[in-house]
Amino acid sequence: MARMTGAQMVLEGLQREGVEVIFGYPGGVVLPLYDTLPQYPGIRHILVRHEQGAAHMADGYARASGRMGVCLGTSGPGATNLVTGICTAWMDSVPVFALTGNVSRTLLGKDGFQEADITGITHSITKHNYLVMRPEEIPLTIREAAHICRTGRPGPVLVDIPKDVFQESAEFDWPEQVHLRGYRPTYEGHAGMIRRAAELIDQARRPIIIAGHGVIWSDAQDELVALAEKAEIPVITTFLGIGAFPEAHRLSYGWLGMHGMFYANMAADNADLVIGVGMRFDDRAMGRFKDFNPGVKIIHIDIDPAEIGKNFPTAVPIVGSAKNVLPRLTEHVREAKHTEWLQWIDQVREEHPSLHIRESRRMLPQYVVRTLYEETEGNATIVTGVGQHQMWAGQHYFYKRPRQLISSGGLGTMGFELPGAIGAQVALPDAEVWAICGDGGFQMTMQELAVVVDENLPLKIAIFNNGYLGMVRQWQQLFYDRNFVSVAMTQPDFCKIADAYGIRSLRVETKAEVAPAIREARAHKGPILIDFMIDQEENVWPMVPAGAALSETIEAPAEELAR
Amino acid sequence: MNPSLNGHQPRKRANHHTVVAIVEDKPGVLMRVASLFRRRGFNIESLTVGHSEMPGLSRMTIVVDGDSAPVEQVEKQLYKLIDVIKVSDLSQEDIVARELAMIKVRCNNVNRHELLDIANVFRADVVDIATNSIILQVVGDEDKIDGLIKMCEPYGIRELSRTGRIAMVRGTKTTTVHEPEPERIARIHQTQGRRVEGDLPFSSD
């Protein structure tokens, strides 16, 4: 054991937890920590321009790499600025470790300058949080927080440390073991339940697997493929589950939900057995709960017992990780063929292809995504914001591997795209990472362009610029009688903004320029921003209207297809 | 004691569940639990918390309105809190459930005896007495307490304080946890998050 300051203990602890990068922003109470950073050259600090960016970067880093992402903010506004990013990670179960400073212990609770009760504020959006009152508590706290963050169902944690605790010294006593009486995630899955699930699968005539984000987090893509192939079960994914099953696989039928593929929605709605794996049957995926596929039986495999039975009654609950449960399930199920069922879905897909891009002289956003897919040969990592562009990016790029699409699903956080992509690029320095941005969301966090420059990241930034908050405009058109209120946006010249940061830029105004611009961006070694002036009034189809059931999925109306 | 003797109709409690949670005795635990119930829309009828037989562990007894949420969801959500170690739904168990109430009742020389008779029927204790006021302390299940309250109402209730329900399973079965922590870890857990006693240097830089 060695005597260390609190600040040293924090960095020593994080280093022992394998942390190599911290996305942070300094301020008064974290100065002791920043003062200590140079003593830990193994930890790279990336200076963000707003703490929200730090949290999203840690999130993007985690989603791209599967590792824990770390963000750091000072007390008060520094901490509260992290909140949107922490909640984004919370809703999507991403292991983000948030570290905040707080005012000195004598001032805690006295409304000291820049004091915020950040542990109180983040209770309901973290798996757990800690307020550390003594330096000797730091090693155990860091160890426990990191353990909670990345085990079980992953999720954000927050550790709040008063300034004088960073400065005080104590013995560094690193616990080898974590011992938490109230936290023991179940990984294995109940043998009896697995056998019952196998029986149901054997009996099913129209089974379908719905794979979610949990498959990606437990690294169970191969195990999922094995099950699907042995029992010949078609697989659809949730939006966050995209990449959990290779989309080129013959048993892949896209993803379901509000803007999922028509045939995926119909398959889910006509199955006699749904096997939900690492997903939570949320409203955007399932449509109106009470009218989802009456009579269907559900097998629900999830590591979080609280997800089972939350929205739908479950015939067979299996609490465990996909990685452990799927192979055992595969062992128990019989080899089977579901030829008729697959033919049924194939026919729906033939009649309602959903992903067909119509011939048009306009620069359709779908065409831009598809061209990007073709130019990158489906290999790029795609990070999106939230809205129409997000849905098109999910639909018209075809994903082959887990962690290839990174997007804010549960919270739907506009502004995630740029910092999320920065985090992903930091995690994967040699990968081709594209940030697909909305023109609205980009402006929420575009100050992080400075980080792209500082860190010399080869990030490709594509703005889908239609001059509207497109998804809101679509809803106003469809559900508010075309009463367009506060959705048209005067956009700045995004190319000039890129220029101001010293980032190369291109503007694309016609369809013919799309592929050459993408090629130019790919050939360019450094970062580049492309402002795609896409068709302004294109809508996302298919769509399950707000409040409707999956069976009520509607496709693009004829007048829109004629545009 | 059968409160129906007093003509009192107990409140309908068909769907109330008694849930016992063994939790770490740490700052913020009560807030975490209360915040969880609020956020998930579970209605709390009563919540009591105090030390358990194990140092470092508290025992919470929560009466949940089962109409607001399936009690199974309540249990599972509680389990997600790291500081919650064990949750038991006592609804299907044979339990002893008790509550304590103090009732400050208006009275005078004329009707005091009457009131003491009532208290006697309910086996309530007189814990304070003044010229125009009396405090009755009563222990029992909610129905009994409701019954006494009803009987006191005509005299005028000045103040009422109820503890909420605590409960325990009859017989040898327990709902508690006996899992000590390693000493090194326990030492840190005992102070984690607690204020430091004594003077700390003022610092606002």
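Let me know the volume per residue of the alpha-carbon convex hull for region B:1-146, in Å³. Kindly include the intermediate steps, with their values, before the conclusion.
Numbers: hull volume 21.2 nm³, N = 146.
Hull volume normalised by residue count: 145 Å³.
Projecting the Cα atoms of A:Thr151, B:Pro154, A:Met9 onto the dipole axis of the protein assembly as shown, where Lys and Arg carry +1 and Asp and Glu carry -1 at the beta carbon, places B:Pro154 farthest toward the positive end. May I ask which of A:Lys323/B:Lys80; A:Lys400/A:Lys525; A:Lys460/A:Lys525 have a Cα-Cα span longer than 18 Å here? Too far apart for the 18 Å limit: A:Lys323/B:Lys80; A:Lys400/A:Lys525.
Averaged across the residues of A:384-397, what count of C-beta atoms belonging to other chains lies within 10 Å of each residue's C-beta? Intermediate results must be reported in sequence, preceding the final value.
Values: counts 0, 0, 0, 0, 0, 0, 0, 0, 0, 0, 0, 0, 0, 0.
Partner Cβ neighbours, averaged per residue: 0.
Highest mean first, the peptides A:51-60, A:139-148 sorted by other C-beta atoms within 10 Å per residue fall in the order A:51-60, A:139-148. Label region A:436-563 by shape, choosing from rounded, prolate and oblate, from the square roots a ≥ b ≥ c of the eigenvalues of the Cα gyration tensor; if a/c is under 1.5 it is rounded, and otherwise prolate applies when a/b is larger than b/c, oblate when it is not. Prolate. Can you list which of the trypsin sites (Lys or Arg not before Pro) found in region A:444-482 are DSSP loop residues with at most 12 other C-beta atoms within 10 Å? When the trypsin sites (Lys or Arg not before Pro) of region A:444-482 are filtered for loop state and at most 12 Cβ neighbours within 10 Å, A:Arg482 remain. If you look at the Cα atoms of region A:32-106, you get an Rg and a Dmax of 12.7, 41 Å.
Within 10 Å of the Cβ of each residue in A:157-163, the mean number of Cβ atoms contributed by other protein chains is 1. The chymotrypsin sites (Phe, Trp or Tyr not before Pro) of region A:452-493 meeting both criteria, a DSSP state outside H, G, I, E and B (loop) and at most 16 other C-beta atoms within 10 angstrom of the site's C-beta, are A:Tyr480, A:Phe484.
Candidates A:Ile406, A:Ala393, B:Gly50 compared by Cα position along the dipole of the protein assembly as shown: farthest toward the positive end lies B:Gly50, with charges placed on Cβ. Take each residue in A:218-225, count the other chain C-beta atoms within 10 Å of its C-beta, and the mean is 0. Sorting B:127-137, A:69-79, A:311-321 by average packing, meaning the other beta carbons within 10 Å per residue, from highest down gives A:69-79, A:311-321, B:127-137.
What stretch of chain B, leaving out the sites themselves, is the longest with no GluC sites (Glu not before Pro) in a DSSP loop having at most 14 other Cβ atoms within 10 Å?
Details: sites that count: B:Glu53, B:Glu197.
The answer is B:54-196.
Under DSSP H, which helices of chain A have Cα atoms covering 20 Å or more of the helix axis and a Kyte-Doolittle average no less than -0.5?
Details: long enough: A:51-65 (21 Å, -0.68); A:77-91 (22 Å, 0.77).
Qualifying helices: A:77-91.
Rounded to the nearest 20 debye, the dipole size of region A:57-135 about its Cα centre is 260 debye, using +1 on the Cβ of Lys and Arg and -1 on the Cβ of Asp and Glu. Computed per residue of the protein assembly as shown from DSSP H runs no shorter than four, each worth -39500 (n - 2.57), the mean residue ellipticity at 222 nm is -10000 deg cm²/dmol. Look at where the Cα atoms of region A:232-280 and of region A:1-74 average out, and the two centres are 38 Å apart. About the centre of its Cα atoms, region A:301-427 shows a dipole size close to 160 debye [charges on the beta carbon of Lys, Arg (+1) and Asp, Glu (-1) only; nearest 20 debye].
The three principal axes of the C-alpha atoms in region A:385-450 carry coordinate ranges of 30, 26, 18 Å, sorted with the longest axis first. For region A:319-384 and region A:138-160, what is the separation of their Cα centres, given in Å? Each part reduced to its Cα centre gives a spacing of 35 Å. Restricting to bridges with both residues inside chain A, how much of the DSSP beta-bridge set is antiparallel, in percent to the nearest 5? Just about 10 percent of them are antiparallel. Ordering B:Gly140, A:Ala285, A:Leu355 by the projection of their Cα atoms onto the charge dipole of the protein assembly as shown, which places +1 on the Cβ of Lys and Arg and -1 on the Cβ of Asp and Glu, puts B:Gly140 at the extreme positive end. Among the listed pairs A:Lys310/B:Lys173; B:Lys104/B:Lys150; A:Lys297/B:Lys86, which have their C-alpha atoms separated by more than 19 angstrom in this model? Long pairs (Cα-Cα over 19 Å): A:Lys310/B:Lys173; A:Lys297/B:Lys86.
Dipole of chain B, Cα-centred, from +1 at each Lys and Arg C-beta and -1 at each Asp and Glu C-beta, to the nearest 20 debye?
It works out to roughly 300 debye.
For the protein assembly as shown, what is the convex hull volume of the alpha-carbon atoms per residue, in Å³?
Values: hull volume 152.4 nm³, N = 768.
Residue-normalised Cα hull volume stands at 198 Å³.
Straight-distance candidates among the aspartates and glutamates for linking to A:Lys496, with alpha-carbon spacing under 15 Å and chain neighbours fewer than 8 residues away dropped: A:Asp439, A:Asp531. Report note on the peptides A:448-456, B:78-86: ranked by the mean count of other C-beta atoms within 10 Å, highest first, their order is B:78-86, A:448-456.
Looking at region A:373-447, which GluC sites (Glu not before Pro) are DSSP coil and have at most 15 other C-beta atoms within 10 Å of their C-beta?
On the way: sites: A:Glu374, A:Glu375, A:Glu377, A:Glu417, A:Glu432; in loops: A:Glu377, A:Glu432.
The qualifying sites are A:Glu377.
Please say if region A:1-149 is rounded, prolate or oblate, where rounded means a/c under 1.5 for a ≥ b ≥ c the square roots of the C-alpha gyration tensor eigenvalues, and otherwise the choice is prolate for a/b larger than b/c and oblate otherwise?
On the way: a/c = 1.36, a/b = 1.06, b/c = 1.28.
The shape class here is rounded.
If a/c stays under 1.5 just call it rounded; otherwise compare a/b with b/c (prolate if a/b is bigger, oblate if not). Do that for region B:116-205, with a ≥ b ≥ c from the square roots of the Cα gyration tensor eigenvalues. In terms of gyration-tensor shape, oblate. Reducing region A:524-559 and region A:86-137 to their Cα centroids gives an inter-centroid distance of 38 Å.
We did not get these values from a lab; they are worked out from the coordinates using the rules stated. Just so it is clear, the model here is predicted, and its values are computed rather than measured. Don't worry about glycine lacking a Cβ; one is built from the backbone with ideal geometry, like all the others, and counts go over all protein chains shown.
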